[in-house]
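Read through the structure below, which is laid out as structure tokens, and then see the notes.
The values are calculated or read from the model by the stated rules, or taken from the named source; none is laboratory data. All values reported here derive from a predicted model rather than from experimental measurement. Positions of Cβ are generated from backbone atoms using ideal geometry, with glycine treated the same way; all protein chains shown enter the neighbour counts.
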Amino acid sequence: MNETIVALATPLGRSGIGVIRLSGADALPIVRRLVRTDDFAPAPRAATLAKIFDLETGDLLDSVLITYFKAPHSFTGEDVVEISCHGSPVVLRQLIDFCLKLDARMAAAGEFSLRALAHGRMDLSQAEAIRDLIDAQTIASARQSVRQLRGELSHELQPLKDELLDVIVVLESTLEFVEDDLPEYQADGIRAKMLDLIDRLGWLAATFRAGKLLREGLKVALVGRPNVGKSSLFNALLGHDRAIVTEIAGTTRDQLHEKLVIDNIPVSLIDTAGLRETSDTVESIGVERARRAMADADLVVVLLDGSQPLTIEDREILDSTADLNRLIAVNKTDLVESPDLQLPAARVVRLSAKTGAGLDALEKAIIEPFHPQDVDQSGFLISDARHFDLLARSTTEIESSLALFNQKMSEEIVLIGLHNAIRYLGQITGETTTEDMLTRIFSTFCIGK
């Protein structure tokens, strides 16, 4: 934390502007060396035009805008300088090299956010929201990340932690100062508070299914025998030609992955090779990958050719997917449907990948089983698996303590679970999180964040 760190804060590659960020006590002195002006004193929170020079030759490297954020009023709580220069990879690399020669150190992944956490500029859940906002795939998931970044999760948890502490204080006081059992009215109050905590924590944790759906989305695999229209449907759902479509069986030999959004749910769509027995080495590899995609997918869409009777291959595919989360899509409704098309009892959607008829019904059927019906998705949702796990652990610990309390066990034993619960809740916002856990969390961040 005593070192000055530097990193590229914009994506790699060519761009109109690239931003290099420095944080630490030597951020401004390093910039003074770069602009070759010992008394360079840019006004805080204002962009200042300056020239950066080559440290070795003295040649002009670039004209830049320098923005200075004086501690503690900065993202990290330290002195921060952001250098906006032309987005040439050569210029950016050279400028970072100059900063390293002037005793700055390359920032580790998420180190700027970690310093913000260390200096009290945000709590851990807010820091994680920055990562989630950058990774957001839909407007809905971005809005949830912004709500968490504004501290909404912390505000939800604080009254719960306060109430839990109230229970702990009463029991601790009883353990220290009261020789007899708690009066019944006081015991009833503690019991009611623990029941209330269990209900409220359970309600918060119950939003995870909807939150996870918004954040991570679904993995959907299109499977079927060759030439039933998987690639045509893949293109139709995406709205552009991504997969090659021909009348030749076995055109698709490997998986194609693309992302789309259905009703604010990110969907990873996989077009697979046609499932059939084949002696072609390359196609057989594609078939094997298709079978693995079926096993890994949240939903398998089995595509059938509605203009033909079911073939042996169709029936084998239907049998092999019977135990999976499956949706049957009957394609080619623009043609005459076969009178011998006998389908198993399952969710069935009829469509035409060629004309687009039935695509809306298919999209609705894809996400319908995953949409929680009992959660208000306009409210705040738990979207991080770590947060959900800690909420579930806290609830379990309080339930255990309540059971012991009802059995009139010693306050000392009852308090064990309550102390564990308060520690788990503290780990969500970072008050009681170990260094190893922080390292794992921030390793998932961008280098420049």
(Q) Name the residue that is farthest from Asp123 (Cα to Cα), counting only residues in segment 388-409 that are in contact (Cβ under 8 Å) with a residue 60 or more places away in the chain and of a type in the set (Ser, Thr, Tyr). (A) Ser401
Q. If you go through segment 286-328 one residue at a time, how many are surrounded by fewer than 16 Cβ atoms within 10 Å (Cβ to Cβ) and in contact (Cβ under 8 Å) with a residue 60 or more places away in the chain?
A. 2
(Q) Going through Arg131, Arg115 one at a time, which residue ends up being within 24 Å of Ala25 (Cβ to Cβ) and either without any contact (Cβ under 8 Å) to a residue 40 or more places away in the chain or not assigned by TED's automatic domain parsing to the domain that holds Ile17 (or both)? (A) Arg115
Q. Given the structure, is Arg93 free of Cβ contacts under 8 Å to residues at least 24 places away in the same chain and over 30 Å from Lys70 (Cβ atoms)?
A. no
Q | Selection within segment 67-88 - over 23 Å from Ala50 (Cα atoms) and surrounded by fewer than 17 Cβ atoms within 10 Å (Cβ to Cβ) | A | Pro72
Q: From the list Ala421, Ala392, Ala403, Ala385, pick out the single residue that is of a type outside the set (Lys, Arg) and over 30 Å from the mean Cα position of the chain (by Cα).
A: Ala403
**Q.** Residue selected from segment 1-57 under the condition surrounded by 12 or more Cβ atoms within 10 Å (Cβ to Cβ) and hydroxyl-bearing (Ser, Thr, Tyr), by the criterion farthest from the chain's Cα centre (by Cα)
**A.** Thr37
**Q.** Failed item in (1) of a type outside the set (S, T, N, Q); (2) surrounded by 13 or more Cβ atoms within 10 Å (Cβ to Cβ); (3) farther than 30 Å from Phe75 by Cβ, with Ala192 passing the rest
**A.** (2)
Q) Would you pick out the residues in segment 140-174 that are among the polar types (S, T, N, Q), farther than 19 Å from Pro266 by Cβ and either loosely packed, with under 14 Cβ neighbours inside 10 Å or in contact with a Pro (Cβ under 9 Å, 6 or more places away or on another chain) (or both)? A) Gln158, Ser173
**Q.** Candidates Val228, Val261, filtered to the one that is in a loop (DSSP other than H, G, I, E, B), of a type in the set (A, V, I, L, M, F, W, C) and modelled with pLDDT of 80 or more
**A.** Val228
(Q) So, in segment 89-139, how many residues would count as being of a type in the set (Gly, Ala, Ser), crowded, with 21+ Cβ neighbours inside 10 Å and in contact with a helix residue (DSSP H, G or I) (Cβ under 8 Å, 6 or more places away or on another chain)? (A) 7
Q. Any residue in segment 118-127 that is at pLDDT below 95 and out of contact with any Ser or Thr (no Cβ under 9 Å at 6 or more places or on another chain)?
A. yes
Q.
What pairs come out if I take residues in segment 369-387 that are under 16 Å from Gly426 (Cα atoms) and at pLDDT below 65 and pair them with residues that are outside any helix (DSSP H, G or I) and among the acidic types (Asp, Glu) whose C-beta lies under 9 Å away, six or more apart or interchain?
A. none
Q. Taking Leu402, is it closer than 17 Å to Leu157 by Cβ, of a type outside the set (Val, Ile, Thr) and surrounded by 20 or more Cβ atoms within 10 Å (Cβ to Cβ)?
A. no
Q. Quick one: is Ile367 among the β-branched types (Val, Ile, Thr), out of contact with any helix residue (DSSP H, G or I) (no Cβ under 6 Å at 6 or more places or on another chain), surrounded by fewer than 19 Cβ atoms within 10 Å (Cβ to Cβ) and over 21 Å from Gly217 (Cα atoms)?
A. no
